[in-house]
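Note sheet for the following structure.
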Amino acid sequence: MGYNIGIRLIDEFLAKSNVSRCVDFKETAEMIAKVGFKMFLGVTASVMNWDADGTCCSIVLEDNPLVDFVELPDTCQGLYYCNILSGVIRGALEMVAMKTEVTWIRDMLRGDDAYELQVKLLKQVPEEYPYKDDE
Amino acid sequence: MAAIYSLYIINKSGGLIFYKGRMDTNDSLRVASLWHSMHAISQQLSPTTGCSGIELLEADTFDLHCFQSLTGTKFFVVCEPGTQHMEALLKVVYELYTDYVLKNPFYEMEMPIRCELFDINLTQAVQKDRVALLGR
């Protein structure tokens, strides 16, 4: 579900925020955290825990409007209620040529103290034009 | 007042998803795929690094302005030579696309656009300050 939202959301984000192409993944992550979350959810997130080669980071949200009135019942204790957000980020980044993997590390609904998403860049997929080798 | 002859929107793979103008459908499809290929080739041929393709084509009887979003969708407009503010118009069309096409739950990605609200708002946006020859 999140993936389908993400692939459409990215165009709206690009149209309304007028940002130019990001130079590297670090800038992309900052864009998502500062501009993206602000535009669509009204909260600012922070980026931390960069790994050595700059392909994996954590986005931390202090406040998550999606869960303002939500409580997980006993039958759903293992549910990732906010997993839609990881789909949205994955879908959006795929439309701009980045294959990523997004997972929840900390989730307040399951008892942690904050919301932490881990975004890992798997690879960059530049546009390939079909080339027919006639020889 | 300057006139706009036609507006094309093409998807990532080069297929025409929206056309407003007075050309025959087959011809418009041909122009769209031609432009898609030319745009791609120009990106490869360009002497400057980081080029994103042709933005403006000036001919004797028309100008062609093209805008490519970071997601690969191309918006281009054929207008009278010397028409001003076409880039701004293309940005407006991009915003209308995100608002009325992408948010339409019945619209399938990369398919031809059949959204009434998009058409209405597009005509309004174009007619605001210029004479358009679209769809007549």
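Close amide H pairs (under 5 Å, H built 1.01 Å from N) link A:Ile105 with A:Glu116, A:Leu117, A:Gln118, residues at least 5 positions away or on another chain. When the alpha carbon gyration tensor of the protein assembly as shown is reduced to an equivalent ellipsoid, the three semi-axes, largest first, read 39, 22, 16 Å.
Largest GNM mean-square fluctuation among B:Thr98, B:Thr73, B:Thr48, using chain B with Cα springs under 10 Å: B:Thr48.
Under the convention that each Lys and Arg Cβ holds +1 and each Asp and Glu Cβ holds -1, the size of the dipole of region A:56-120 around its Cα centre is about 420 debye.
Can you tell which of B:Met86, B:Gln43, B:Ser69 lies farthest toward the positive end of the dipole of the protein assembly as shown, using +1 and -1 charges on the Cβ of basic and acidic side chains (Lys, Arg; Asp, Glu)? Going by the charge dipole, the pick is B:Met86. Both radii come from the Cα set of chain B: Rg as radius of gyration, Rh as Kirkwood radius; their ratio Rg/Rh reads 0.94. Taken about its Cα centre, region A:1-93 carries a charge dipole of about 380 debye when Lys and Arg each add +1 at the Cβ and Asp and Glu each add -1 at the Cβ.
When the charge dipole of region B:3-133 is built from unit charges on Cβ atoms (+1 for Lys and Arg, -1 for Asp and Glu) and taken about the Cα centre, the candidate among B:Ser28, B:Ile54, B:Pro105 whose Cα reaches farthest toward its positive end is B:Pro105. With helices as the sole contributors, chain A gives -9000 deg cm²/dmol at 222 nm; each DSSP H run of n ≥ 4 counts as -39500 (n - 2.57), and the sum is divided by every residue. Over chain B, DSSP H runs of length four or greater, each weighted -39,500 (n - 2.57), average out per residue to a 222 nm ellipticity of -10500 deg cm²/dmol.
Of the residues A:Gln77, A:Thr100, A:Ala29, the one whose Cα sits farthest towards the positive end of the charge dipole of chain A is A:Ala29 (charges of +1 on Lys and Arg Cβ, -1 on Asp and Glu Cβ, taken about the Cα centre). Highest mean packing first, where packing is the average number of other Cβ atoms within 10 Å per residue, the peptides A:28-41, A:71-84, A:111-124 line up as A:28-41, A:111-124, A:71-84. The angle separating the long axis of helix A:83-95 from the principal Cα axis of greatest extent in chain A is about 10 degrees. Dipole check for region B:3-133: with +1 at the C-beta of Lys and Arg, -1 at the C-beta of Asp and Glu, and the Cα centre as origin, the magnitude is about 220 Debye.
Taking the number of other C-beta atoms within 10 Å as the exposure measure, put A:Arg106, A:Arg90 in order starting with the fewest.
A:Arg106, A:Arg90
For region B:3-133, what relative contact order do you get, as a whole percent, if you take Cα pairs closer than 8 Å and at least 6 residues apart?
After rounding, I find 27 percent.
Of the residues B:Leu29, B:Leu56, A:Leu85, the one with the fewest other Cβ atoms within 10 Å heads the list, and the complete ranking is B:Leu56, B:Leu29, A:Leu85. Taken over the protein assembly as shown, lysine pairs spaced eight or more positions apart, or on distinct chains, with alpha carbons under 13 Å apart number 8.
We did not get these values from a lab; they are worked out from the coordinates using the rules stated. Please read these numbers as outputs of a predicted model, since none were measured by experiment. Reconstructed Cβ throughout: ideal geometry from the backbone, glycine too, with neighbour counts over all protein chains shown.
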